[in-house]
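The next block holds one structure in the form of structure tokens; read it before the comments.
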Amino acid sequence: MGVSKPADEDLARQRRDRREIVAEIVGGEETTEFPEAAVVGARFSSGRVQWGGSGVLIHPRLVLTAAHVLRLDPNVVVVNAAAVTQGQSPAAGQGMMLTVKRHLIPRGAHRQPSSPNDIALLELDQPATGVLPAKLPAAGGGLLALGDKVQIVGYGFGNPEETQGFGQKRQGCISVKELLLNKTEFRAGGGGEPDTAVGDSGGPALAGCGVAGQRTVVGVTSRSVLVSGNSGSGGIYTLVKPYMAFLEAAIQAAGTAAGGGV
């Protein structure tokens, strides 16, 4: 798909379901690490970019995100950026901006933010270079237990009132609090720990905290525990493990990538 949208869609899309489109790390820390983390947006024909979600590179041509982030109709991502400014493309040297070729969702996935199976892929037109993608869980891995630590990364708001910090990459270390009965999601964070907020949807939950080198993504930020969408009480995360067949097939189809960004 192309990167341009009709200019008259700009304001309408900015105003539409902002809380549903996106879910920064409240109580977390600003970071320049995690180059594999991505910020997801829609670029319009006017040149304006509406940044509205997060993600993580799992292959040079594939960004893992939440299915409900697709409501933004994203057509660009930026990896290896410490921050982006709402409405603007990143300046030279401030990350790699890449065009989204198409959206991929597994069977049964929903684009509604309150639904399970909240997982999707963005296939890129060009491969990201110079960035080590996150790993998927190995065979027999990727299962979580109560109390396990995961590291969350995202570009959303930095406070529950949604008044500051959007577009700044943050990270936080949180604990798994509950494994949901649907066996595809878990609850983590909140209760004195960092929590995700508007803008973090699609961002990764990485196995362990403070892991160096290539990290393993075990979850994807989906939504707040609270129906209101407010942060502070913990978040719901989609487990990666149940979707391995879908993810591995996409990686195989993407093949070996080489090249650069735009």
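Fully extended, how many nm does the chain gain between residue 209 and residue 31 (0.36 nm per residue separation, minus their Cα-Cα distance)? Display every interim value, and only then the final one.
Working: separation 178, 0.36 × 178 = 64.08 nm, distance 1.36 nm.
Additional length available on full extension: 62.7 nm.
For the pairs 101/169; 101/183; 135/241; 135/169; 177/241, note any where the Cα-Cα span goes beyond 22 Å.
Check vs 22 Å cut-off fails for 101/169; 101/183.
Each reported figure results from applying straightforward, stated rules to the coordinates on display, with no laboratory input. Please read all numbers here as calculations on a predicted model, not as lab measurements.
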